[in-house]
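Presented below is the structure to which this report refers.
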Amino acid sequence: MSIRFDENNRIFYLNTVNSEYQIKIDEYGVALHTYYGKPVGNTDMSYLITEMDRGFSGNLYEARDRRGVSPDTLPTEYSTYGAGDFRLSAAGIIADNGSRTYDLRYVSHDIKSGKEALKGLPYVRAEKDKVDTLELKLEDKIIGLEVTLIYNVFEEKDVITRSARFANKSEKTITLTKAASMSIDIQYADLDIIEFHGRHAMERQTERRELGHDIHVISSKRGTSSHHHNPFVILCDHNADEDNGLCYGFMLVYSGNHAEEIEKDQAGSVRVVSGISGDGFAWKLGQDEDFQTPEVILACTENGLNELSYLYHRIIRENVCPAEFRDMKRPVLINNWEGTYFDFDEEKIMGIAKSASEIGCEMLVLDDGWFGVRNDDNSGLGDWFVNIDKLPGGIKKIADYTNSLGMKFGLWFEPEMVNEDSDLYRNHPDWALKDPDRKPVMGRNQLVLDMSRKEVVDYLFDSISKILDSANIEYVKWDFNRSLSNIYSFAADTEKQGEIAHRFMLGTYDLMQRLRERYPKIMIEGCSGGGGRFDAGILFYSPQIWCSDNSDAINRLKIQKGTSYGYPVSSMGAHVSASPNHQNGRVVPIETRAIVAMSGTFGYELDPRKLSEEDKATIKKQIEEFNRFYTLIQKGRYYRLTTDRQEGYYVAWQFVSEDKSEALLNVVATDVQGNPEIPFVRLKGLDAEAEYEIDYVKLSTGTTAEGGTNNSKTGKSFSGSALMHGGYATGPMFGVYPALQIHFKRK
Ligand code: GLA
């Protein structure tokens, strides 16, 4: 059992192979957080708590003679409000008499093996792993509020998940205005924070800074996890780098409004509170009703950022994403969006299918514009029936034709949206979220459907199923192209309006789950204007998410790197698009575009009919090469190799197979120079004793990487220790965004 309770000292020990987590119930029944870090052999770490009377830090009534014991300074496991702790609260509670105070004390606990599914929410699946669960029941006796803290220990995977369940055990109503999934206090914490902010077409940019004595909030109230603030945060030592240093990760498994709040307190402790955002949130709990929060995935390592990323990659790939697609070879797809936008008909799409099949693509995805009256982005959303004017033979004709060429077929949907100019909206104007007394805020000229209503979810399930039943569709791209505003449901009572944003997510998850159950073989690729809903919640239903609407390979280096801190390469949708790039006009060689897209799910997003013969031949080869390295890239260990300073000139990253028998090194020069600095990296994760031979070298056209070093040659061999400790120099890289890809094979 990975969870142990020491009854005499009332301490819970949660043990994974390389981490240990401790909770101590003190003499007043408060659940204290006493440790999270490298295993300490179940030594009671509460000796680190200092009793000290700090001014203006009050005491529990029963501890009034012990002024050093204050809720304001003790490290707690789930923080309270109004009961002496002035730091961030984990919940917001309004009792029936209007009181906001809640004070949680230990009632009981249950330790069991296994893990239960979270009903209606995505979660980390136990799968075949040995998982143990601690349910720690805390209570505010005065208002009859029970809060059960749930911990699942994935012993072998070095990960702990946490969530909270609120239950009203009184006869009166309790209102939740905030219900975090977790809070934690890290004492003596001199830490940096790394977060992943961004914007549409520039998602998950990495920002690292020192935590000061303030409250730092990463949050979204867009109704999505957002392009702007990803619900994943890392805290680490100031000197932590890829290979060394204490790092903590907190990742919310949720796709809607969220907040990760971090406060460094007067004594230098850091509190992290993570969960659904309290903005606009109000949830009424009647007698015996409960509320289950989403889950947070926690990981901790002293071995630096690479190890932390690895822990998240593994748990997401193996325990979050649907099992059906884990080991399946995902098809190299071609998507027509950037190739045609809305300007297509049957003949054009079939022409694209034909030439895509000739260059080796394995699946055609028909993007936006095939349904309703949709010739631009102002109309048609919600009308999930085929536009016969454009596609007289329906989806079936195109799917059959695509299949006859040996390719799979996939289709785009944007289920949760509706245009005012659609039959659906004309028939059901109250199915959209909007304030009854205001003109709605528009986004891309569309409104958002009220997914809190069962009839809306049923309509979508039926109409989407009808299309999916009409042809051999093996993939769905599930888009979401605006933020939520005017969150108001015509079907809910006044006092329930604060529940709608979360009920919206529950409705979306319900639709995804129902479609997954009915079509277990159809792979969903998540999308929200690119990566606006790139989170572990969506990954529970879809193993891959379109990473960004920005397909420029050079911008993608930063987007994919930022994404890689928390999410595996196998989840990142990445395509080769036309050059000059449609988002920023940059010209990048086709090999460089492919080397970058290969560090993702790989595919093409262009009109293959317009390709030169030379590019067609190149692409054919690229697909063969990607397929050759598929397992290494998708399942190998991923290493970021370059520092911020190096990345002013070049970016390098690497994959190593689990058995260390092969590695793939990728280098892209982002700023070529006269008399240049030579790209140099130390490879990682190899077998130090082994000899590795280069058996494949790819250089982008026009690139030279020879000159002085001449290392990038097939047949050259190096010892693992030389590559890891001495390093590897590419030689000078000249040309336009030159790129290099090298495969090392153990001899
Ligand atoms: C979003 C997606 C794109 C494309 C368009 C279609 O922006 O991210 O890939 O599907 O919608 O409207």
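Consider the range 452-492. How many of its residues are over 22 Å from PRO520 (Cα atoms) and not in a helix (DSSP H, G or I)?
Number of matching residues: 14.
Any residue in the range 635-659 that's within 20 Å of THR206 (Cβ to Cβ): show its pairings with residues that are among the basic types (Lys, Arg) at Cβ separation under 6 Å, as long as the two are six or more apart or on different chains.
TYR639/LYS684; TRP653/ARG640
Residues that are under 14 Å from ASP140 (Cβ atoms): list the strands (runs of 3 or more DSSP E) wholly contained in the range 1-115 that include at least 3 such residues.
Output list reads 91-94, 105-113.
So, in the range 294-337, how many residues would count as being β-branched (Val, Ile, Thr), closer than 23 Å to ILE398 by Cβ and more than 16 Å from the ligand (Cβ to nearest atom)?
1
Among the residues of the range 452-467, is any within 16 Å of the ligand (Cβ to nearest atom), in the same structural domain as VAL365 (by TED's automatic domain parsing), surrounded by fewer than 17 Cβ atoms within 10 Å (Cβ to Cβ) and not polar (S, T, N, Q)?
Within the range 452-467, none of the residues are within 16 Å of the ligand (Cβ to nearest atom), in the same structural domain as VAL365 (by TED's automatic domain parsing), surrounded by fewer than 17 Cβ atoms within 10 Å (Cβ to Cβ) and not polar (S, T, N, Q).
If you go through the range 404-439, how many residues are part of a loop (DSSP other than H, G, I, E, B) and within 16 Å of the ligand (Cβ to nearest atom)?
4
How many residues are in contact (Cβ under 8 Å) with a residue 40 or more places away in the chain and either touching a Lys or Arg at 6+ places or on another chain (Cβ under 9 Å) or not in a helix (DSSP H, G or I) (or both) when one looks only at the range 599-620?
Number satisfying all stated conditions: 12.
Does at least one position in the range 396-403 carry a residue that is touching an Asp or Glu at 6+ places or on another chain (Cβ under 8 Å), more than 14 Å from the ligand (Cβ to nearest atom) and part of a helix (DSSP H, G or I)?
Checked the range 396-403: at least one residue is touching an Asp or Glu at 6+ places or on another chain (Cβ under 8 Å), more than 14 Å from the ligand (Cβ to nearest atom) and part of a helix (DSSP H, G or I).
Select from the range 358-374 the residues that are within 16 Å of the ligand (Cβ to nearest atom) and assigned to a loop (DSSP other than H, G, I, E, B) and write down the one among them that is surrounded by the most Cβ atoms within 10 Å (Cβ to Cβ).
Per the criteria, the residue is TRP370.
Looking at (1) surrounded by fewer than 24 Cβ atoms within 10 Å (Cβ to Cβ); (2) within 15 Å of the ligand (Cβ to nearest atom); (3) not in a helix (DSSP H, G or I), which is the only condition LEU381 fails?
Going through (1) surrounded by fewer than 24 Cβ atoms within 10 Å (Cβ to Cβ); (2) within 15 Å of the ligand (Cβ to nearest atom); (3) not in a helix (DSSP H, G or I) one by one, LEU381 breaks only (1).
Could you please let me know if ILE623 is among the β-branched types (Val, Ile, Thr), part of a helix (DSSP H, G or I), crowded, with 17+ Cβ neighbours inside 10 Å and touching a residue at least 12 places away in the same chain (Cβ under 8 Å)?
Yes.
Taking only the range 524-549 into account, find how many residues are surrounded by fewer than 23 Cβ atoms within 10 Å (Cβ to Cβ) and not acidic (Asp, Glu).
2
Within the range 338-348, does at least one residue satisfy the condition of being out of contact with any Pro (no Cβ under 8 Å at 6 or more places or on another chain), closer than 18 Å to HIS575 by Cβ, within 16 Å of the ligand (Cβ to nearest atom) and of a type in the set (S, T, N, Q)?
yes
Out of (1) in a helix (DSSP H, G or I); (2) touching a Phe, Trp or Tyr at 6+ places or on another chain (Cβ under 8 Å), what's the single condition that is false for GLY339?
Every listed condition holds for GLY339 apart from (2).
Among the candidates LEU176, LEU149, LEU145, LEU138, which residue alone is in contact with a Gly (Cβ under 8 Å, 6 or more places away or on another chain), buried (at least 23 other Cβ atoms within 10 Å of the Cβ) and not β-branched (Val, Ile, Thr)?
LEU176
Just to be sure I understand the filter: pairs with C-beta atoms under 6 Å, separated by 6 or more residues or on different chains, first member in the range 736-747 and more than 13 Å from VAL656 (Cα to Cα), second member among the aliphatic types (A, V, I, L, M). Which pairs pass?
Note: pairs meeting the criteria are TYR737/VAL588; PRO738/ALA669; ALA739/ILE595; ALA739/VAL668; LEU740/VAL667; LEU740/LEU699; LEU740/ALA705; GLN741/ILE595.
Right, GLU495: within 18 Å of LEU121 (Cα to Cα), among the acidic types (Asp, Glu), more than 16 Å from the ligand (Cβ to nearest atom) and surrounded by fewer than 24 Cβ atoms within 10 Å (Cβ to Cβ) or not?
no
Taking the range 270-303 as the region of interest, how many residues are hydroxyl-bearing (Ser, Thr, Tyr) and in a loop (DSSP other than H, G, I, E, B)?
Adding up the residues that qualify gives 2.
So which pairs qualify, if the first residue must be in the range 357-368 and of a type in the set (Phe, Trp, Tyr), the second must be more than 16 Å from the ligand (Cβ to nearest atom), the Cβ gap must be under 8 Å, and the two must be at least 6 apart or on different chains?
Short answer, once both residue conditions are applied: none.
For the range 578-586, check the following and say yes or no: at least one residue is closer than 22 Å to ARG330 by Cα and not assigned by TED's automatic domain parsing to the domain that holds GLY674.
no
Quickly run through the range 315-329 and pick out the residues that are assigned to a loop (DSSP other than H, G, I, E, B), surrounded by fewer than 20 Cβ atoms within 10 Å (Cβ to Cβ) and not aliphatic (A, V, I, L, M).
Hits for the range 315-329 are PRO322, ARG326, ASP327, LYS329.
Going residue by residue through the range 516-528, is there one that turns out to be in contact with a strand residue (DSSP E or B) (Cβ under 8 Å, 6 or more places away or on another chain), more than 16 Å from the ligand (Cβ to nearest atom) and assigned to a helix (DSSP H, G or I)?
Checking the range 516-528: at least one residue is in contact with a strand residue (DSSP E or B) (Cβ under 8 Å, 6 or more places away or on another chain), more than 16 Å from the ligand (Cβ to nearest atom) and assigned to a helix (DSSP H, G or I).
Could you give every pair whose Cβ atoms fall below 8 Å, whose first residue belongs to the range 545-556 and is among the aromatic types (Phe, Trp, Tyr), and whose second residue is within 14 Å of the ligand (Cβ to nearest atom), counting only separations of at least 6 or pairs across chains?
Sorted first by the residue in the range 545-556, then by its partner, the pairs are TRP546/LYS477; TRP546/GLU525; TRP546/GLY526; TRP546/CYS527; TRP546/GLY530; TRP546/GLY531; TRP546/GLY573.
Could you please find all residues in the range 552-566 being charged (D, E, K, R) and out of contact with any Phe, Trp or Tyr (no Cβ under 8 Å at 6 or more places or on another chain)?
Correct list: ASP552, ARG556, LYS558.
The values are calculated or read from the model by the stated rules, or taken from the named source; none is laboratory data. The structure presented is a predicted model; accordingly, all values stated were derived computationally and were not measured. As a convention, Cβ positions derive from the backbone with ideal geometry for all residues, glycine included, and neighbour counts pool all protein chains shown.
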